[in-house]
Amino acid sequence: EHIRLLSEVVAAREAAQGMAIGHTRFAAIVETPDALPLLGAIATADPRVVALGVGAEDLSTELEAIPGADLLYHFGMMVVAAARAARIQPLGSVGPFADFSDLAGYRASLKRSRALGFACQACIHPAQVPIINEEYGPSPAEVERARLLIAAFDAALAEGKGAVAFEGQMIDPPVVERARRLLARAR
């Protein structure tokens with residue numbers, strides 16, 4: 001309800017400014033325990049919502065807990081599932097956010113979070129920006145591997161093969177789809 005109301009207010013402002021209605025996008029950040037069961041509804045509340053995340057510091061405070069990977073893993077995975085189901089970006093990580101003095105820890109957290117399905121991250125310090133770009137953006141090696149994997153799959157299908165091997169592993173449609181999505185992200 002809050003998101004829909006906010007969308008109405010923003011639409012009126014966009015119209016007043018001569019902007020296209022829908023120009024402004026929302027990143028919904030859940031910060032209270034009572035909102036956690038509503039992640040799916042929040043993610044699909046309005047087309048302006050393009051990302052969903054958990055406010056780690058606020059949620060931790062509300063839960064009277066210390067923010068960290070153990071606490072944030074469960075809620076982070078709820079965000080990934082709700083966001084992916086809504087076809088929007090899961091925002092965040094399952095590690096420290098506020099400690100911008102530990103860039104190595106931040107990088108490790110993002111690396112783990114990307115492997116868990118997160119797609120983007122906010123930051124509170126300029127030093128975090130290149131780390132976010134490096135860890136959430138596909139590397140040139142990943143892009144090249146994805147291209148080769150898709151080519152191997154397509155070639156095997158063209159030859160009528162039922163099973164495809166690539167770099168010593170069996171590849172099937174879900175693996176190829178991940179490679180296609182990686183290439184789309186790289187574009």
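Per-structure values
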| quantity | calculated |
| --- | --- |
| Proximal charge balance of Q128 [Cβ under 13 Å; K/R count +1, D/E count -1] | -3 |
| Radius 13 Å from Cβ of A98, net charge of other residues (Lys, Arg +1; Asp, Glu -1) | -4 |
| FRET E, pair A184, A69, Förster distance 41 Å, beta-carbon r, rounded to 0.05 | 0.90 |
| Of the DSSP H helices in the chain, those whose Cα atoms cover at least 15 Å axially and whose Kyte score averages -0.5 or more | 2-16, 69-86, 103-116, 140-158, 173-186 |
| Value of relative contact order over segment 145-187, rounded to a whole percent, pairs C-alpha under 8 Å and six or more apart | 45 |
| Cβ-defined net charge surrounding R4, 14 Å radius [Lys, Arg +1; Asp, Glu -1] | -2 |
| Full-extension gain in nm, E167 to D99, via 0.36 nm per residue minus C-alpha separation | 20.6 nm |
| Linear extension gain, L116 paired with V129, 0.36 nm per residue minus alpha-carbon span | 2.7 nm |
| DSSP-assigned coil residues among trypsin sites (Lys or Arg not before Pro) in segment 12-59, each with at most 16 further Cβ atoms within 10 Å | R25 |
| For percent of Cα pairs over 29 Å apart, calculated from these coordinates, the label among [x] 21; [y] 36; [z] 25 | [y] |
| 1.4 Å probe accessible area per residue over the chain, in Å² | 58 |
| Apportionment of accessible area to carbon and sulfur, the chain, percent (1.4 Å) | 59 |
| Cα centre as origin, Lys/Arg/Asp/Glu Cβ charges: segment 58-128 dipole, Debye | 540 |
| L71 accessible area, 1.4 Å probe, all protein chains in place, Å² to nearest 10 | 40 |
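The values are calculated or read from the model by the stated rules, or taken from the named source; none is laboratory data. Just so we're clear, the structure is a prediction, and the values are computed from it rather than from any experiment. Neighbour counts run over all protein chains shown; Cβ positions are idealised from the backbone, glycine included. Accessible surface areas use protein heavy atoms only, side chains included; no ligands, DNA or RNA. Shrake-Rupley method; radii C 1.70, N 1.55, O 1.52, S 1.80 Å.
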